[in-house]
Amino acid sequence: MLKGIKGAVKVLNSLDPEQRDRVLEIIKNQDPSLAEELKNNLVSLDDIIHLTVPMLVDFTRNISLKDLGLALRLAKEETKEFIFSNVSQSMKEEIEEGLLGRPVPLKEALAALNKVMIVFRDKIERGEIVLEGDIKIID
């Protein structure tokens, strides 16, 4: 059974971006502070910019680079720049096939994004990827 904010975030993270935005809008109409808290806890592809290079390399080994390219069609420019500046030339070329290839329906790009995000969230949950805000300092 899912409980509290963590459970709600897990459900929201499993939705495609359009569905997630609709649900958050409904929540915002009822409870704006809850909607804001949920939004602050969501993980998106743009969070990849918080990875170290070794985490990024490990992540890219576990996904289809073509899917990553398709997913990047929906990402911020900063995210694309971060990835391209931290991967090999051959990986960059493979990612660009998806990013710069033929036009695709939004549904196809969203499906690729979903595949990439499943792996991204799984690695976060297993502690293999640590986002900037998740780092705890111990004295």
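Each reported figure results from applying straightforward, stated rules to the coordinates on display, with no laboratory input. As the structure is a prediction and not an experimental result, all values here were calculated from the model. With ideal geometry, Cβ positions are generated from the backbone for all residues, glycine too; neighbour counts draw on all protein chains shown.
GNM remark for the chain: springs join alpha carbons under 10 Å apart, and the peak mean-square fluctuation among Val87, Val43, Val23 falls on Val23. Could you sort out which of Lys3/Lys39; Lys28/Lys123; Lys6/Lys39; Lys39/Lys66 sit more than 19 Å apart by Cα distance in this structure? Cα-Cα > 19 Å for Lys28/Lys123; Lys39/Lys66; rest within.
What order do you get for Thr79, Thr52, Thr60 when you list them from fewest to most C-beta neighbours inside 10 Å?
Numbers: Thr79 18, Thr52 11, Thr60 21.
Arranged by neighbour count, lowest to highest, Thr79, Thr52, Thr60 become Thr52, Thr79, Thr60.
3J(HN,Hα) along region 30-44, derived from phi through the Karplus expression 6.51 cos²θ - 1.76 cosθ + 1.60 where θ = phi - 60°, amounts to 8, 8, x, 5, 5, 4, 5, 5, 4, 4, 5, 9, 6, 10, 10 Hz, with x in place of Gly and Pro. In degrees, nearest 10, range 0 to 90: what is the angle between the Cα axis of helix 4-13 and the longest Cα principal axis of the chain? Between the helix axis and the principal axis of the chain, the angle is about 30 degrees.
Rounded to the nearest angstrom and ordered from largest down, what semi-axes does the equivalent ellipsoid of the chain get from its C-alpha gyration tensor (root of 5λ)?
Working: eigenvalues 143, 81, 29 Å².
Taking √(5λ) for each Cα gyration eigenvalue gives 27, 20, 12 Å.
Going from the residue with the fewest nearby Cβ atoms within 10 Å to the one with the most, Asp47, Asp58 rank Asp58, Asp47.
Just need the relative contact order of region 45-130 here, percent rounded to a whole number, with Cα pairs under 8 Å and 6+ apart.
Values: 82 pairs, mean separation 36.7, N = 86.
Computed value for region 45-130: 43 percent relative contact order.
Scanning the chain for trypsin sites (Lys or Arg not before Pro) in DSSP loops with at most 16 neighbouring Cβ atoms within 10 Å leaves 4-75 as the longest stretch between them. In order along region 89-106, the Karplus-derived 3J(HN,Hα) couplings, from 6.51 cos²θ - 1.76 cosθ + 1.60 at θ = phi - 60°, round to 4, 5, 5, 4, 5, 5, 5, 4, 4, x, 6, 9, x, 4, x, 10, x, 3 Hz, and Gly and Pro are given as x.
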